[in-house]
Amino acid sequence: MLSFVHIPKTAGTSFRLGAERYFNRENVVYDYGKESPATTPVVVDTLYAEPKDFWSFRSACAQQGASMVGGHVNASRFVSLFGVGNTLTFLRDPLQRMASEYAHFVRHYEYKGSFHDFYSRPIMHNRQSKILHGVDVEAVGFVGLTERYTDSLKLLNARYGLAIPQREDNRGKKSLDAVHEISAEDEAELKQLNKRDIRLYEQAVALFDQRYTMHQEGSPWAHARLVEVKPGRIAGWAWWEGESDEPVVVEVWANGKHLDTVTAVELRPGLCRLLPPRGGYVGFHLPVKLKPGDQVQCRVSLTGQWFPLKPRRVPKPDGR
């Protein structure tokens, strides 16, 4: 069962309507809030009643043969029910997403304020990173890009063995890749207010590029993150996308030299709520002797996939 995190104005409506066509509408469950007519009754009965019973919700979805659960929800809402590997979302250039959401509010909700009034509200800042808070983007089963929707859908269908058709719905521009005009003044302020979203999007683009290239080459993808870089220790986690229980073999490099090879088989209790593969036995660590300023990077031994995409520097004792 897939869990679709629908971030507003990222082509989510196009995706969910394509999913409805593929899975059939009765096999898709929605949570768009208690009052939304799009929200499925089983969601209201189990998640907007007291007591909220998430396990009963999951059981009800399984009993009715649901193929996907989706809505304007945070990634953490359902990740412990369906697993991070089955969680998917789309991200969009933060400034373009903001301009699109403003146009949507004007068009559908008769919003009368200026664009500046709209994006200045704190609730609108860093919307994408807030929605993904608590779930590393490297761990999410699939992260597509609005600007590369066709490639994203191709990669998503390949990842999950689906054939969801492409649609373009609920859009204010002529096509998904059309660009909203933003003044230089607004652009400067938006960049200042949405630094976290900009970093997240840049990271997602780099990951998508690497993943798409590997898909074209026929190489398997590994969800992987270097979590700890210290003078005496490096640590991280890694697992293969899909259903493989094979551990990932990781090469550790420093300053362009291969230090050692480790296997990601250590338990990471903090990840268990995400339901990763291998019951959470996906971690690795390596004792090292490094100096502040040394550059560390890891590589999946089987495929040559680097992570992180840029080397990380060993910090100074003061953390810098």
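Some points to look at:
- Additional length obtainable on full extension of the chain from GLU228 to ARG199, 0.36 nm per residue less Cα span: 8.5 nm
- Potential lengthening between GLU266 and SER244 on full extension [0.36 nm per residue; Cα-Cα distance subtracted]: 6.3 nm
- For region 126-253, the equivalent ellipsoid derived from the alpha-carbon gyration tensor has semi-axes of 30, 23, 12 Å in decreasing order.
- Each Lys and Arg adds +1 at its Cβ and each Asp and Glu adds -1 at its Cβ; summed about the Cα centre, region 261-320 shows a dipole of about 200 debye.
- Förster radius 35 Å - calculated FRET efficiency between SER120 and ASN74 (Cβ-Cβ, nearest 0.05): 0.95
- Mean sequence separation of contacting Cα pairs (under 8 Å, at least six apart), scaled by the length of region 17-106, corresponds to a relative contact order of 27 percent.
- Volume per residue of the C-alpha convex hull in region 59-132, rounded to whole Å³: 120
- Alpha-carbon radius of gyration plus Dmax, which is the widest Cα pair, for region 113-164 in Å: 15.4, 44
- Taking amide H positions as modeled 1.01 Å from N, with prolines and chain starts lacking one, the residues under 5 Å from PHE307 and 5 or more places away or on another chain are CYS298, ARG299, VAL300.
- Using the empirical formula 2.2 N^0.38 Å as the baseline, the Cα radius of gyration of region 255-320 reaches a ratio of 1.29.
- Förster radius 56 Å - calculated FRET efficiency between HIS258 and LYS34, Cβ distance, rounded to 0.05: 0.55
- Close amide H partners of ARG313, meaning residues 5 or more places away or on another chain with modelled amide H under 5 Å apart, are VAL296.
- Extreme residue, positive dipole direction of region 1-149, given options THR87, HIS104, ILE131 (C-beta unit charges): HIS104
- Each peptide in 32-41, 139-148, 198-207 gets a packing score, the mean of other Cβ atoms within 10 Å over its residues, and the list from highest to lowest is 139-148, 198-207, 32-41.
- Computed across region 75-187, the Kirkwood hydrodynamic radius from all distinct Cα-Cα pairs reaches 15.9 Å.
- Of VAL249, VAL288, LEU267, farthest towards positive along the dipole that unit charges on Lys, Arg, Asp, Glu beta carbons give region 233-303: VAL288
- Simple label model, 7 Å out from Cα along Cβ direction - GLN166 to HIS180, nm: 2.3
- Chain lengthening between ALA206 and LYS310 when straightened (0.36 nm per residue, less Cα-Cα): 36.4 nm
- Ratio of the Cα radius of gyration of region 1-131 to 2.2 N^0.38 Å, where N counts its residues: 1.12
- With DNA, RNA and ligands ignored, accessible area of LYS191 (1.4 Å probe; Å², nearest 10): 90
- When the surface is traced with a 1.4 Å probe over the full set of protein chains, ARG25 keeps roughly 100 Å² accessible.
- Farthest toward positive dipole pole in the chain [+1 Lys/Arg, -1 Asp/Glu at C-beta], among LEU302, GLY236, SER183: GLY236
- Hull-based mean projected area of region 177-320, where the convex hull spans the alpha carbons, in square nanometres: 11.7
- Dmax and Rg, reported as Rg then Dmax, of the chain (C-alpha, Å): 20.8, 61
- VAL69 long-range amide H proximity, modeled H, under 5 Å: LEU2, SER3, PHE4, VAL29
- Value in Å of the Kirkwood radius, where region 33-84 supplies the Cα pairs that are averaged: 11.5
- A simple rule links phi to the HN-Hα coupling: the Karplus curve 6.51 cos²θ - 1.76 cosθ + 1.60 with θ = phi - 60°, which for region 196-208 gives 5, 5, 5, 4, 4, 5, 4, 5, 5, 4, 4, 5, 5 Hz, with x for Gly and Pro.
- Residue-count net charge about ALA204 - beta-carbon cut-off 12 Å; Lys, Arg +1, Asp, Glu -1: -3
- Phi-derived couplings, Karplus 6.51 cos²θ - 1.76 cosθ + 1.60 at θ = phi - 60°, listed residue by residue for region 132-147: 8, 3, x, 10, 4, 4, 5, 8, 4, x, 8, 10, x, 10, 4, 5 Hz, with x used for Gly and Pro.
- Sequence-ordered 3J(HN,Hα) estimates for region 263-269 from the Karplus curve with 6.51, -1.76 and 1.60 and θ = phi - 60° stand at 10, 7, 10, 8, 5, 10, x Hz, glycine and proline given as x.
The values are calculated or read from the model by the stated rules, or taken from the named source; none is laboratory data. Quantities reported herein were computed from a predicted structural model and do not represent experimental measurements. Reconstructed Cβ throughout: ideal geometry from the backbone, glycine too, with neighbour counts over all protein chains shown. For accessibility, only protein heavy atoms count, side chains too; no ligands or nucleic acids. Shrake-Rupley method; radii C 1.70, N 1.55, O 1.52, S 1.80 Å.
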